[in-house]
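**Student:** Here's a structure for you.
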Amino acid sequence: MPLRLSHLLLIMALGLSIFLLSALSSILLPFVLGFALAYFLDPVADRLEAFGLPRSLATATITLAVGLLVLVALTLGLPLMATQISLLIGALPSYIADVQNWMMAENLTDGQSQIVSSLGESLRDGLQNTASSLLFTGLSLLNVLSLLIITPIVAVYMLNDWDRMTARIDALLPDEHSEIIRELARQIDTTLGGFARGQIMVCMALGVIYAVGLSVVGLQGGIFVGLLAGLVSFVPYVGAAFGLLLAGALGLGQFGFEWASLGQIGLVFLVGQFIEGNVLTPRWVGDRVHLHPVWIIFALLAMGSLFGFLGLLLAVPIAAILGVLIRYAVTLYQRDYVSSASGSASDD
């Protein structure tokens, strides 16, 4: 089948999008975040409109509510995280000394002692660097000014104009393919929205479970470790493994080889994974999203390698889009080729 002008334009647009994504990745972050916020908040705005609020008033209400939530979270969360990190940094020297005393009691060699000491110092330096650079170096790399100013402006404008934008795009669809494109768009929206919104709630719930559990066990810095493990849980299975290793290392320094305490730390993550697999994920994510964990992990690693932090934000949407398109292509193949081949065989 010869290429039509529309096909050539689509290929050119795809190539241009990839080029711009690579060339402008350093300035696209606030726009991508603003678009993502508008996408996630659009259902809330639609519900407020259903109650009789104008779109502009619904947008203003959502903006005020989100702003207050962010302010409360920063006011309560930043001092708590700073306290937790300070506790860890202050406790690390004693942890290292306790492990070294244990090694001396076990008659380990000087080389082995030096290895453990170096590992402990590296961990301490890493926490110090994280505490000092997380709010400065990291945010400067992401351009804190644009994140704080441009992102909310983009989100508000796009949220207010979302329905008009989607209607305009819908009007541009070619008549002969409009129904197929709309159906694919609905499937992408179901997959992406179901996974992203559900996974965010799962991460928040896991962060609370891990933080409360580790605090009950008595692990110093348990709140910080638990919330961090919950945040990393957006990558399937990685958050639990990361949190268990970090909490286990800190527990070893704090409790020594008290198997009861170390077992309780492991039990916290075991319970968290059980609740996630049997309650949280089935209820909030479900099987309808059709995004396999291995596909998500590959997409995150590949996009992160290609486009950095921006790639991590775009990994799940692109994975959802490709998943829907691949399933549609398989359906077409089975309909046009497998069925025709079966028909020909039956005729013979």
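**Student:** Starting from segment 204-231, take each residue that is farther than 20 Å from Phe274 by Cβ and list its partners that are of a type in the set (Ser, Thr, Tyr), counting only C-beta distances under 6 angstrom and pairs at least six apart or across chains.
**Tutor:** Ile223/Ser215
**Student:** Find the helices (runs of 4 or more DSSP H) located wholly in segment 235-296 whose residues include 1 or more that are within 24 Å of the chain's Cα centre (by Cα) and under 22 Å from Thr190 (Cβ atoms), and list them. Spell out the reasoning first.
**Tutor:** Values: elements: 238-255, 259-275, 281-284.
Because the criterion is at least 1 residues that are within 24 Å of the chain's Cα centre (by Cα) and under 22 Å from Thr190 (Cβ atoms), the helices (runs of 4 or more DSSP H) in segment 235-296 that meet it are 281-284.
**Student:** Same structure again: Check Arg164 against each of (1) closer than 28 Å to Ala315 by Cβ; (2) free of Cβ contacts under 8 Å to residues at least 24 places away in the same chain; (3) basic (Lys, Arg) and name the one condition it does not meet.
**Tutor:** The one condition Arg164 does not meet is (1).
**Student:** Using the structure shown, decide if Leu301 is at pLDDT below 80 and at negative phi.
**Tutor:** Numbers: at pLDDT below 80: no; at negative phi: yes.
No: the conditions fail for Leu301.
**Student:** While we're on this one: Evaluate the following for Leu64: is it over 30 Å from Leu252 (Cβ atoms), among the aliphatic types (A, V, I, L, M) and part of a helix (DSSP H, G or I)? Break it down stepwise before answering.
**Tutor:** Values: over 30 Å from Leu252 (Cβ atoms): yes; among the aliphatic types (A, V, I, L, M): yes; part of a helix (DSSP H, G or I): yes.
Criteria met by Leu64.
**Student:** Of all residues being exposed (fewer than 12 other Cβ atoms within 10 Å of the Cβ) and modelled with pLDDT of 90 or more in segment 57-68, which is nearest to the chain's Cα centre (by Cα)? Just the residue, please.
**Tutor:** Leu68
**Student:** Mind checking whether some residue in segment 197-219 is of a type in the set (D, E, K, R) and in a helix (DSSP H, G or I)? Break it down into steps so the answer makes sense when it comes.
**Tutor:** Start the filter on segment 197-219 by keeping residues that are of a type in the set (D, E, K, R), which leaves 197.
Keeping just the survivors that are in a helix (DSSP H, G or I) gives 197.
Yes, because at least one residue in segment 197-219 is of a type in the set (D, E, K, R) and in a helix (DSSP H, G or I).
**Student:** So which residues in segment 195-246 are farther than 24 Å from Ile296 by Cβ, β-branched (Val, Ile, Thr) and crowded, with 17+ Cβ neighbours inside 10 Å?
**Tutor:** Val217, Ile223
Listed here are the residues, each with its yes/no results for (1) at pLDDT below 85; (2) surrounded by 14 or more Cβ atoms within 10 Å (Cβ to Cβ); (3) of a type in the set (A, V, I, L, M, F, W, C).
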site: Ala105; (1), (2), (3): yes, no, yes
site: Val116; (1), (2), (3): yes, yes, yes
site: Glu121; (1), (2), (3): yes, no, no
site: Val144; (1), (2), (3): yes, no, yes
site: Leu184; (1), (2), (3): no, yes, yes
site: Thr190; (1), (2), (3): yes, yes, no
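**Student:** Residues Ile223, Ile200: which one is among the hydrophobic types (A, V, I, L, M, F, W, C) and closer than 26 Å to Phe35 by Cβ?
**Tutor:** The unique qualifying residue is Ile200.
**Student:** Sticking with this structure for a sec: Determine, yes or no, whether Asp189 is of a type in the set (Asp, Glu), out of contact with any helix residue (DSSP H, G or I) (no Cβ under 6 Å at 6 or more places or on another chain) and in a helix (DSSP H, G or I). Show your work before the answer.
**Tutor:** On the way: of a type in the set (Asp, Glu): yes; out of contact with any helix residue (DSSP H, G or I) (no Cβ under 6 Å at 6 or more places or on another chain): yes; in a helix (DSSP H, G or I): yes.
It is true that Asp189 is of a type in the set (Asp, Glu), out of contact with any helix residue (DSSP H, G or I) (no Cβ under 6 Å at 6 or more places or on another chain) and in a helix (DSSP H, G or I).
**Student:** On to the next question. Please identify the pairs in which a residue from segment 238-250 that is over 13 Å from Val217 (Cβ atoms) has its Cβ atom under 8 Å from the Cβ atom of a residue that is of a type in the set (Ser, Thr, Tyr) and surrounded by 23 or more Cβ atoms within 10 Å (Cβ to Cβ), counting only partners at least 6 apart or on another chain.
**Tutor:** From segment 238-250, the pairs are Gly239/Ser233; Ala240/Ser233.
**Student:** Please determine whether any residue of segment 26-48 is at pLDDT below 90, surrounded by 10 or more Cβ atoms within 10 Å (Cβ to Cβ) and not in a helix (DSSP H, G or I).
**Tutor:** no
**Student:** Since Val294 meets every condition but one in (1) in contact with a helix residue (DSSP H, G or I) (Cβ under 8 Å, 6 or more places away or on another chain); (2) free of Cβ contacts under 8 Å to residues at least 60 places away in the same chain, which condition does it not meet?
**Tutor:** Of the numbered conditions (1) in contact with a helix residue (DSSP H, G or I) (Cβ under 8 Å, 6 or more places away or on another chain); (2) free of Cβ contacts under 8 Å to residues at least 60 places away in the same chain, the odd one out for Val294 is (1).
The values are calculated or read from the model by the stated rules, or taken from the named source; none is laboratory data. Small disclaimer: the values here were computed from a predicted structure and weren't measured. We place every Cβ from the backbone using ideal geometry, glycine too, and count neighbours over all the protein chains shown.
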